[in-house]
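Engineer: Dumping the structure here so I can ask a few things about it.
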Amino acid sequence: MKKITLFVLSLVLALGVFSTVWAADVTIGTDTTTQRQPFGAYWGYERSASLYLSSEIGYTGTITQLQWYVGTAQTTSIPTVIYLKTTANTTLTADTWANMISGATQVYSATRTYTPTGWLTIDITDFNYTSGNLLVLCATNYGGTGTGTYPYFRYSTTTGYNRHEYWYQDSSAPTGN
């Protein structure tokens, strides 16, 4: 389950041009089931790709932050990278992480903890979302063989399938499908 915050610009013409800005909070999903993706650290290197349809988002504009619901918090420091990318695809097919992030925009990179439980807001580099479906691509690089103390995040199942993929491997970044 994830929230996307979009800042939508609207021009009002009346005796000149004035700019009005408002934020749209888009929540996708309502379930309370949890899993370690998108920011797991059980394995040394984990990757997660989530596809959100434009019909679920319902807005266009500048995405300035992303939010995930932390179901089980942990204070483990996890190096994290987030990429965004638009696509016409409505499902994901088996592919490599390198192909998934090809053409994507890195919008966040930091070492962070995932506390407390509840909605976690991550401020990202502004991403101009104009159309299409949105891929949210997350990578964690804890290193070595990972850790047994990692956070869990809420997720929702959808009526559509093949909209989430993940990769994981110890000792080096995963390279397979």
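The values are calculated or read from the model by the stated rules, or taken from the named source; none is laboratory data. Just so we're clear, the structure is a prediction, and the values are computed from it rather than from any experiment. Cβ coordinates were reconstructed from backbone atoms using ideal geometry, including for glycine residues, and neighbour counts include every protein chain displayed. Just so you know, the surface numbers come from the protein's heavy atoms only, side chains and all, with ligands and any DNA or RNA stripped out. Shrake-Rupley method; radii C 1.70, N 1.55, O 1.52, S 1.80 Å.
Engineer: Could you calculate the contour length gain from residue 170 to residue 95, that is, 0.36 nm times the residue separation minus the distance between their Cα atoms, to one decimal place in nm?
Structural biologist: Roughly 25.1 nm would be gained on extension.
Engineer: Might you work out the accessible area of residue 167 for me, using a 1.4 Å probe with all protein chains in place, and round it to the nearest 10 Å²?
Structural biologist: Accessible surface of residue 167 is approximately 10 Å².
Engineer: Tally up the carbon and sulfur contribution to the accessible surface of region 23-102 as a whole percent, 1.4 Å probe, everything protein left in place. Intermediate results must be reported in sequence, preceding the final value.
Structural biologist: On the way: 1450 of 3270 Å².
After summing per-atom areas, the C and S share lands at 44 percent.
Engineer: Now for a separate question. Report residue 163's accessible area, 1.4 Å probe, all protein chains in place, as a number in Å² to the nearest 10.
Structural biologist: 40 Å²
Engineer: Please give me the summed charge of the neighbours of residue 92: other residues whose Cβ is under 14 Å from its Cβ, Lys and Arg +1, Asp and Glu -1.
Structural biologist: +1
Engineer: Say each of residue 115 and residue 35 gets a label point 7 Å from the Cα, pointing the same way as Cα to Cβ; how far apart are those two points in nm?
Structural biologist: 2.7 nm
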